[in-house]
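Contents: one structure, followed by commentary.
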Amino acid sequence: MTALEVSEQITRLRRVFNDILQVSDLARLRSTVQKLEQQAADPELWQNQERAQQITSELSRCKTKLEKLNFVAARLDDAVVSLELAAEHETAPDSAQLVTEAATELQELEQLIGELEAQTLLNGKYDEYPAVMTIRAGAGGVDAADFAEMLQRMYLRYAEKKGYLTRIMDVSYAEEAGIKSCTIEFDEPYAFGTLSVESGTHRLVRMSPFNSAGKRQTSFAAVEVIPLLPEASTVEIPDSEIRVDVYRSSGPGGQSVNTTDSAVRITHLPTGIVVAMQNEKSQLQNRAAALRVLQSRLLILQREAEAAKKKELAGEITAAWGDQMRSYVLAPYQMVKDLRTQHEVNTPQAVFDGALDGFLAAGIRWRSLRQNAGV
């Protein structure tokens with residue numbers, strides 16, 4: 001990359017970053033951090049656990065955003081300095097090296113600014129809430145169950161890298177390998193806005209480890225993401241409208257992990273919605289957690305009357321041919337491609353290890369463009 005090309009890229013990134021700063025309102029963000037820090041320092045804060053958790057969580061989110069904005073601003077300035085030094089000493093032996101260093105710096109900044117740009121678009125009605133993700137094995141037999149478990153690990157690794165608090169609320173294990181389904185809570189502000197673009201059918205193509213002939217196998221899994229709404233926003237559900245079944249929690253292979261019937265499955269009779277929980281130790285705790293998720297689902301249906309909006313938030317996903325939104329190809333070549341945004345990488349193992357930032361940012365921008373176009 002030439003010095004002129006680096007200069008043009010810096011100008012473009014600076015323009016995008018200035019737009020981000022304007023939307024982020026840096027002065028207001030600093031003021032918010034200061035106020036939250038004062039509230040967090042109040043020794044009486046933890047007398048109200050729920051309020052304390054809300055304040056500390058919001059403080060963490062705002063400080064992380066502020067630190068990232070300051071970090072990107074400093075690195076943009078460093079790139080400018082490197083380019084200026086290269087121009088001043090154009091004939092010096094290290095001039096080309098300075099241009100190369102600036103170009104390398106800009107490649108990393110391109111990704112960081114892209115992520116920040118996507119985050120400014122999280123202004124939907126439910127975007128600020130934590131999320132509940134359900135992963136279901138689709139067509140493909142044992143490979144599909146194994147793929148569902150691979151996706152479970154992928155999202156948990158992503159959350160771990162981001163510092164999200166996660167909780168596996170329910171897992172249904174398959175007989176031979178993998179899982180039939182799982183439900184994961186992501187307890188982080190804006191988790192729904194970020195992860196909701198993952199809703200849809202995911203497709204895996206690979207040489208099957210479960211096929212003695214080593215043939216290539218295509219399998220599918222469905223991902224559904226809903227917002228976990230505050231308890232104060234939940235709807236009342238008459239006891240006559242639900243059926244509660246209790247059973248013993250189980251682990252892989254059906255091995256019992258609990259000697260009492262503590263797992264709970266709640267069926268909402270009018271809608272047919274089923275929510276199962278087995279993470280907590282007591283039946284009462286599992287029942288309360290299941291009811292909260294059910295209430296969140298019902299509130300979405302209640303507030304969004306149109307079928308198209310219901311599908312957008314809760315999803316009707318077939319997990320089969322013709323419905324996939326992303327393909328993970330491990331054979332005969334290596335590729336992960338989002339079929340909506342066309343975002344593509346050739347490092348599937350990194351993606352399965354939680355490297356999802358590029359796909360999430362592209363998905364958020366794609367969704368914003370569709371909303372602006374009225375699609």
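Can you name the condition, by its number, that Ala320 falls short on among (1) under 20 Å from Pro227 (Cα atoms); (2) in contact with a strand residue (DSSP E or B) (Cβ under 8 Å, 6 or more places away or on another chain); (3) modelled with pLDDT under 85?
The failed condition is (1).
One line per residue, one yes/no per condition, for (1) among the small types (Gly, Ala, Ser); (2) assigned to a helix (DSSP H, G or I); (3) over 17 Å from Leu116 (Cα atoms):
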residue: Leu4; (1), (2), (3): no, yes, yes
residue: Glu8; (1), (2), (3): no, yes, yes
residue: Leu13; (1), (2), (3): no, yes, no
residue: Ile20; (1), (2), (3): no, yes, no
residue: Val23; (1), (2), (3): no, yes, no
residue: Ser31; (1), (2), (3): yes, yes, yes
residue: Lys35; (1), (2), (3): no, yes, yes
residue: Gln38; (1), (2), (3): no, yes, yes
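Could you look through segment 251-264, keep only residues that are within 22 Å of Ile135 (Cβ to Cβ) and buried (at least 18 other Cβ atoms within 10 Å of the Cβ), and pick out the one that is modelled with the lowest pLDDT?
Within segment 251-264, the match that is modelled with the lowest pLDDT is Ala263.
Table: residues versus (1) surrounded by 13 or more Cβ atoms within 10 Å (Cβ to Cβ); (2) in the same structural domain as Glu108 (by TED's automatic domain parsing); (3) in contact (Cβ under 8 Å) with a residue 24 or more places away in the chain.
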residue: Asp42; (1), (2), (3): no, yes, no
residue: Gln47; (1), (2), (3): no, yes, no
residue: Ala52; (1), (2), (3): yes, yes, no
residue: Thr56; (1), (2), (3): yes, yes, no
residue: Arg61; (1), (2), (3): yes, yes, yes
residue: Asn70; (1), (2), (3): no, yes, no
residue: Arg75; (1), (2), (3): yes, yes, yes
residue: Val80; (1), (2), (3): yes, yes, yes
residue: Leu85; (1), (2), (3): yes, yes, no
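Can you work out which of the residues in segment 40-68 that are part of a helix (DSSP H, G or I) and of a type in the set (S, T, N, Q) is nearest to Leu122 (Cα to Cα)?
Thr64
Scan segment 167-185 for residues that are under 18 Å from Ala288 (Cα atoms), buried (at least 18 other Cβ atoms within 10 Å of the Cβ) and of a type outside the set (A, V, I, L, M, F, W, C) and report the count.
Matching residues across segment 167-185 total 3.
The values are calculated or read from the model by the stated rules, or taken from the named source; none is laboratory data. Predicted model, so just to flag it, every value in this text is computed and none were measured. Reconstructed Cβ throughout: ideal geometry from the backbone, glycine too, with neighbour counts over all protein chains shown.
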